[in-house]
Amino acid sequence: MSKDVLVFAEQRNGRLHPAVAQVVTPARALAAAGGGRVVGVVIGAAVDAAADALAATGVDHIVTISDSSMERYTALRYRSALAAAIAHLKPGVVLLPATFMGRDLAPRVAMRAGAALATDVIELSRDGEGRLEVRRPIYNGKAFGRVSFPAGRLAMATVRLNTFAPAAGGSGAGREAIGAPAIEGDARLTCTEVVRTGGEVKDVTEAEIVVSGGRSLKSEENFKLLYELAGVLDAGVGASRAACDAGYQPHSRQVGLTGKTVTPKLYIACGISGAIQHLAGMRGSKVIVAINSDPEAPMCKLADYAVIGDLFQVVPALTAEAKKLLAH
Amino acid sequence: MKILVLIKQVPDSTTTIRIRPDGGDIDRAGVKMVVNPFDEFAIELAQQLREKRSDVQQITALAVGPAGAAEALRTAMAIGADDAIHLQDGAFETLDELQTAALIGAVVRDAGYDLILCGKQEIDLDSGQLGPALAERLDWAHVGAVTALEVGADGRTIEASRRIEGAEERVRCGLPALLTIEKGLVEPRYPSLPNLMKAKKKPLAVKSAADVPGFADLAGAVGGTHMHKLEPPPARPAGKQIKGEPAQQAAELVRLLREEAKVI
């Protein structure tokens, strides 16, 4: 096992996932503490554009694994490829972004590589003996757990989105292409198509700012107010379970226990009272704004900034103010 | 077709989580335990497949956990499972997620299941490791976070959708396969009283470490993380209330987000 820290550099259609640059940040710190390199691994069909973007994050070395069969993600082909990269590089630590792909892939690769794994981590460090130690939310953010790793075994972690600032600065990484493993059984699983859902606005799990609405929006039509604000702030639009169940927004936009978990730097909850199941999906947001007529609502208690008022007046005013500010 | 559904018993989502003074675990006294909601989707899906198709011969529910996990298995049998396997041993309690997957793999490897279903994650530890890790252990295909499913008429292939960022992946694979279930695919039913009564009479096999082939070597091969300290979430500083006319409120909020919170 070397002292290198390997980062799975997720890409789709040549676009590096923005969370990869975030993962490079703790990877650099761990590599510096252990005296190793940060090595990024790009897997796909056409990998050059993503490798260029990865180089700009300041990784020390880039490994690409390219094959036409890996144009779209499948758990089997990608686990074989990432496991091959691990066997080739023998890193001590492997980090993946806790994206849909990273969460799907990491447990398979960890099992295959005989590694130990912690998911959705928010802090990473090395203990006195140089072993990985992480901290992760449990019970939907109602508690946190410190997790230690065993000696002498590859340590893997998926890193929660929007937890670390993106790394930048660099272009000197050397590149190395290794062959895609040809494992016949991997063809059992194929991805036949990728269908866009939820329109062209950002997905709530990817956005750095989320504007979210509850049932008090009263109709799908009224969600336009939120989309206008989201447009100005380059935000994603989310909704409470009640709003989705009422048909105002598709379930793909639902934030909460049985919807998506989001960790943006800013979460603006419009007319969401804050049921515990909703809080479970957004409690990890850095800054929380509540816009609500009821100052006693749980969301107003949780919020860093609670705007007490009628969302139908406050939201358009906020859109106008944000426009003024961001025009400068 | 033989279906296995993995069940975990977890604290109810509305429970107040208190951490023991030694930080080793949560205080479990008086905590209401339920079937992990995502696993409930899985058992419901299995039962719906049986109701729609003629080739589902058996649905088995399996749980790893202390004595109380038997309650969760009885619930699964009230919804649809024909029988249950309860892996219960003090030695299982220190296993981490990957080791638990290896344990289940050792028990189910030669049992002839065509489909294994489980929730996309467990709402206590929120790790989401079990399904994909077990599929790898068995060298099966898996589809994670499934939101739509069609099982082919021949019972040998499936087509499924899984949710990703702003899109859905449509995937196809042969059986056997493991699926982890996302919300929205099915709505779990409430078990009826007669079915709850019937579930008490269905067979539930308890297995200990001695019943698991190769258990002694299992923990040495993979996993081994240890959650050694639980901590409460950091206290959020008291928030600010912004009152006044909407235009003033909006201006003040934008100023605070820019100058104080520095997020826009």
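Derivation of every value follows stated rules applied to the coordinates shown; laboratory data play no part. The structure presented is a predicted model; accordingly, all values stated were derived computationally and were not measured. So basically every Cβ, Gly included, is an ideal-geometry build from the backbone, and we count neighbours across all protein chains shown.
Per-residue Karplus couplings for the range A:36-52, computed as 6.51 cos²θ - 1.76 cosθ + 1.60 with θ equal to phi - 60°, are listed in order as x, 9, 9, 10, x, 10, 9, 10, x, 8, 9, 10, 5, 4, 5, 5, 4 Hz, Gly and Pro entered as x.
Report the calculated FRET efficiency for B:A216 and A:A246 (r = Cβ-Cβ distance, R0 = 51 Å), to the nearest 0.05. Write out the running numbers ahead of the final one.
Working: r = 55 Å, r/R0 = 1.07.
FRET efficiency, B:A216 to A:A246: 0.40.
If contacts are Cα pairs under 8 angstrom and at least 6 residues apart, what is the relative contact order of the range A:5-188 in percent? For the range A:5-188, the relative contact order is 29 percent.
Can you say what percent of the DSSP beta bridges in the protein assembly as shown, counting only those with both residues inside, are antiparallel? Round to 5. Mind showing how you got there, number by number?
Numbers: 41 of 119 bridges.
Expressed as a percentage, antiparallel bridges in the protein assembly as shown total about 35.
Against chain A, whose longest principal axis comes from its Cα atoms, helix A:311-327 is set at around 50 degrees. Of all the options B:G105, B:G155, B:G244, the one that moves most in a Gaussian network model of chain B with Cα springs shorter than 10 angstrom is B:G244.
Summarising the strand pairing of the range B:2-61, around 50 percent of its internal DSSP beta bridges are antiparallel. Would you mind telling me which residue in A:G172, A:G14, A:G214 has the biggest mean-square fluctuation in a Gaussian network model of chain A, where springs connect alpha carbons within a distance under 10 angstrom? Evaluated over chain A, the most mobile residue of the options is A:G172. When both the range A:1-39 and the range B:142-156 are represented by their alpha-carbon centers, they are found 34 Å apart. Only one residue of A:L82, A:Y248, A:V134 has its Cα farthest out toward the positive end of the dipole of chain A, where Lys and Arg carry +1 and Asp and Glu -1 on Cβ, and that residue is A:V134. Partners of A:K90 within straight-line reach, counting lysines whose Cα lies under 17 Å from its Cα and excluding those fewer than 8 residues away in the same chain: A:K3. At 20 °C and a viscosity of 1.002 mPa s, what translational diffusion coefficient does Stokes-Einstein give for chain B, taking Rh as the Kirkwood radius over Cα pairs? Give it in µm²/s as a whole number. Approximately 104 µm²/s, per Stokes-Einstein. The residue list B:I164, B:V212, B:G105 was ranked by how far each Cα lies along the charge dipole of chain B toward its positive end, using unit charges on Cβ atoms, and B:I164 comes out on top. Its relative contact order, with pairs defined as Cα atoms under 8 Å and 6+ residues apart, puts the range B:2-218 at 25 percent.
Excluding same-chain residues fewer than 8 positions from B:K229, which aspartates and glutamates have a Cα within less than 12 Å of its Cα? Within the straight-line cut-off, B:K229 pairs with A:E133, B:D22, B:D25. Restricting the range A:228-328 to GluC sites (Glu not before Pro) that sit in a DSSP loop and have at most 11 other Cβ atoms within 10 Å of their own Cβ leaves A:E296.
Pull out a ≥ b ≥ c, the square roots of the eigenvalues of the alpha-carbon gyration tensor of chain A, then state rounded if a/c is under 1.5, prolate if not and a/b is larger than b/c, and oblate in the remaining case.
It is prolate, given that a/c is not under 1.5 and a/b is the larger ratio.
Any idea what the relative contact order of the range A:217-328 is, in percent, if you count C-alpha pairs under 8 Å spaced at least 6 apart? Write down the numbers at each step before the final one.
Values: 185 pairs, mean separation 24.0, N = 112.
RCO, the range A:217-328: 21 percent.
Give me the angle, in degrees from 0 to 90, between the Cα long axis of helix A:100-113 and the longest principal axis of the Cα atoms of chain A, rounded to the nearest 10. For helix A:100-113, the angle is close to 30 degrees. Remark: spin-label model distance B:T157-B:M197 equals 4.6 nm, labels positioned 7 Å along the Cα→Cβ axis. Under 14 Å from a point 7 Å along the Cα-to-Cβ line of A:S2: which residues of the range A:73-106 have their amide N that close? Counting backbone N atoms under 14 Å from the label point, the list is A:85-94. Top mean-square fluctuation among A:T192, A:T263, A:T119, Gaussian network model of chain A, C-alpha springs under 10 Å? Result for chain A, Cα springs under 10 Å: A:T192 fluctuates most.
Under a Cβ-only charge scheme (Lys and Arg +1, Asp and Glu -1), can you give me the dipole magnitude of the range B:145-194 about the Cα centre, in debye to the nearest 20? Before the final figure, lay out the partial values.
Values: 7 positive and 8 negative charges, 23 e Å.
That gives the range B:145-194 a dipole magnitude of about 100 debye.
Given the Cα-Cα distance of B:K32 and B:D82 and 0.36 nm per residue of separation, how much length would full extension add, in nm? List each step's numbers first, then the result.
Values: separation 50, 0.36 × 50 = 18.00 nm, distance 2.53 nm.
Roughly 15.5 nm would be gained on extension.
Phi angles of the range B:63-79 translate, via the Karplus equation with coefficients 6.51, -1.76, 1.60 and θ = phi - 60°, into HN-Hα couplings of 9, 10, x, x, 3, x, 4, 4, 4, 5, 5, 5, 4, 4, 6, 6, 7 Hz per residue; Gly and Pro are given as x. Peptide B:235-242 shows a mean partner chain C-beta count of 5 within 10 Å per residue C-beta. Coupling constants for the range B:13-20 follow from the phi torsions by the Karplus curve (6.51 cos²θ - 1.76 cosθ + 1.60, θ = phi - 60°), and in residue order they are 5, 8, 5, 7, 8, 10, 9, 4 Hz; glycine and proline get x. Relative to the Cα centre, the charge distribution of chain A, modelled as +1 at Lys and Arg Cβ and -1 at Asp and Glu Cβ, gives a dipole magnitude of about 700 debye. In this calculation the C-beta distance from B:R53 to B:D22 is compared with R0 = 35 Å, giving a FRET efficiency of 0.10.
When the alpha carbon coordinates of the protein assembly as shown are projected onto the principal axes, the ranges are 69, 64, 52 Å, largest first.
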